[in-house]
Amino acid sequence: SLINMGMFDAALTAVWAAGCAAAIRNQLVPRSLAELQALPQSDQAAVIGLGAVGSYVVLKVVLGPVLLLFYDRNPLQTTWRLLSTFWTQEKRRNIKVDGRIDEYNKLHEIDLKERESNYQKLVDAYYELATQFYEWGWGQSFHFANRMKDETFYESIKRHEYYLAGRLGVSKGAKILDCGCGIGGPMRNIARFTSGNVTGITINEFQVLRGNELNKQNGLLGQCKSIQGDFMKLPFEKDHFDAVYAIEATCHAPSRHDCFREIMRVLKPGSVFACYEWCLTDKYDATNAEHRKIKKMIEEGDGLPDVATCKDVAQAIKDVGFELIEARDMVHDDHTHYTWYQPLTPSYNILSQRFQFNPIGLILTRIALRFLEFFRLAPQGTAKVQEMLQQAAVGLRVGGEKDLFTPMFLIVARKPLKPLK
């Protein structure tokens, strides 16, 4: 444990151990509350301090590595990071979370045309609010994946990314664009997998800062770079990239045609664009009130102007001049043991992020965030953000169960060597 922990944890553990030894040597080990109260105030403070530090050491340093035997990540460590960054968000970013969530909600009260014209503000506001929760509950790759038997959640996420990267057909050193890169989890995995140089673009500044911070931590600053920009107006020259991919990102575009046209512009002739799209399936019925409600929950909870159908996305690819190589819904692929929406189903395991989706977890999560807001450990409005994300999870899960929605409609397309007539 000492080898794997950070310098701060190692130093804190050493100080705590020395303090415990000194307390035992000086007989400062009260066996009851009465004995504690009988000690001088300075000794009481020392004993309470040792207890607090000891709780941290046991939870993070001792219990943390044990939890890694059963979980892909240390849930205590990820929760600690979430809480430690909450109270600095407003100051660092010069924003008011409560105002941002109210502004975001108002954008979903306007009609579709106006919402599409405000897509930049809609998407930027959403990810300013949601990114920290995403990283806490999901990790650094903000997307879904089916899971095979004996495969962990994070193994399935990486496999999903590697499959898409394999469809790009790139060589070592290739220039690759990640459209809608989030905080860069897929970018870093795909850079390692392909030995390519990946540039990620996202509309949200916070994600750029966090993405480049993680690129540096992973020793990939020379191979991965996050920049702020709009994939509807890509800041690159024509025929610049050897490959382009997007993972559950271009669904934020107000127009698939304009988005795909811009991607084709920066892609070299003969090169490949591959993506996973959020789409409505053929089973979606626009005249069905329940179906419309599920669609609206997904849009409101995930920062989407609208959700397109699989057919519309495939047609848009062809309309802008791409050669469509493959289009299929990977939800129905063979060897799926756990569905993509399984992480959104309720669980009573208190150390699982799925705990928040059960009736008790919903209440406890809301109370905990209100408590943090009250004591100014989290910005005002944090609980509202979490409620929005929980509603999104419900819409996605029900949409998946009814097979109305897919987050993994695969598109593989090639830019022609010469423009199609």
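Determine which single condition Val313 fails, assuming it passes every other condition in (1) in contact with an Asp or Glu (Cβ under 7 Å, 6 or more places away or on another chain); (2) free of Cβ contacts under 8 Å to residues at least 60 places away in the same chain.
Of (1) in contact with an Asp or Glu (Cβ under 7 Å, 6 or more places away or on another chain); (2) free of Cβ contacts under 8 Å to residues at least 60 places away in the same chain, only one is false for Val313: (2).
So that you can scan it fast, the table gives a plain yes or no per residue for (1) closer than 30 Å to Ser271 by Cα; (2) touching a Pro at 6+ places or on another chain (Cβ under 7 Å); (3) at pLDDT 90 or above:
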site: Thr309; (1), (2), (3): yes, no, yes
site: Asp312; (1), (2), (3): yes, no, yes
site: Ile317; (1), (2), (3): yes, no, yes
site: Gly321; (1), (2), (3): yes, yes, yes
site: Ala327; (1), (2), (3): yes, no, yes
site: Ser352; (1), (2), (3): no, no, no
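Could you list, in sequence order, all residues of the stretch 321-362 that are assigned to a helix (DSSP H, G or I) and open to solvent by 50 Å² or more (accessible area, probe 1.4 Å)? First the steps, then the outcome.
Applying the first criterion (assigned to a helix (DSSP H, G or I)) to the stretch 321-362 yields 330-332, 342-344, 353-357, 359-362.
The answer is His332, Arg354, Pro359, Ile360, Leu362.
Listed residues Thr406, Thr382; which is surrounded by 21 or more Cβ atoms within 10 Å (Cβ to Cβ), under 24 Å from Lys318 (Cα atoms) and not charged (D, E, K, R)? Spell out how you get there, then give the answer.
Numbers: Thr382 fails: under 24 Å from Lys318 (Cα atoms).
Exactly one residue qualifies, and that residue is Thr406.
Take Lys121 and tell me if it is open to solvent by 50 Å² or more (accessible area, probe 1.4 Å) and touching a residue at least 60 places away in the same chain (Cβ under 8 Å). Show your work before the answer.
Numbers: open to solvent by 50 Å² or more (accessible area, probe 1.4 Å): yes; touching a residue at least 60 places away in the same chain (Cβ under 8 Å): no.
The answer is no for Lys121.
Only one of Lys149, Lys106, Lys113 is assigned to a loop (DSSP other than H, G, I, E, B), open to solvent by 50 Å² or more (accessible area, probe 1.4 Å) and more than 23 Å from Ile227 (Cα to Cα); which? So that I can check it myself, show each step before the final result.
Numbers: Lys106 fails: assigned to a loop (DSSP other than H, G, I, E, B); Lys113 fails: assigned to a loop (DSSP other than H, G, I, E, B).
The match here is Lys149.
Could you please give the count of residues in the stretch 184-203 that are among the charged types (D, E, K, R) and open to solvent by 20 Å² or more (accessible area, probe 1.4 Å)?
Filtering the stretch 184-203 for residues among the charged types (D, E, K, R) gives 188, 192.
The next check asks that each one be open to solvent by 20 Å² or more (accessible area, probe 1.4 Å); those that pass are 192.
So the answer is 1.
Search the stretch 303-320 for residues being touching a strand residue (DSSP E or B) at 6+ places or on another chain (Cβ under 8 Å) and closer than 16 Å to Arg292 by Cβ, and hand back the single one that is surrounded by the fewest Cβ atoms within 10 Å (Cβ to Cβ).
Looking at residues that are touching a strand residue (DSSP E or B) at 6+ places or on another chain (Cβ under 8 Å) and closer than 16 Å to Arg292 by Cβ, I get Thr309.
Among (1) surrounded by 22 or more Cβ atoms within 10 Å (Cβ to Cβ); (2) of a type outside the set (A, V, I, L, M, F, W, C); (3) free of Cβ contacts under 8 Å to residues at least 60 places away in the same chain, where does Asn218 come up short?
(1)
Condition first: without any contact (Cβ under 8 Å) to a residue 24 or more places away in the chain and in a helix (DSSP H, G or I). Now tell me which residues in the stretch 280-292 satisfy that. First the steps, then the outcome.
Let us first name the residues in the stretch 280-292 that are without any contact (Cβ under 8 Å) to a residue 24 or more places away in the chain, namely 285-290, 292.
Answer for the stretch 280-292, where residues must be without any contact (Cβ under 8 Å) to a residue 24 or more places away in the chain and in a helix (DSSP H, G or I): Ala289, Glu290, Arg292.
The values are calculated or read from the model by the stated rules, or taken from the named source; none is laboratory data. Here the structure is a predicted model, which is why all the values come from computation and not from measurement. Here the Cβ is made from the backbone with ideal geometry for all residues, glycine too, and neighbour counts use every protein chain on show. These accessible areas exclude ligands, DNA and RNA; they are computed on the full protein's heavy atoms, side chains included. Shrake-Rupley method; radii C 1.70, N 1.55, O 1.52, S 1.80 Å.
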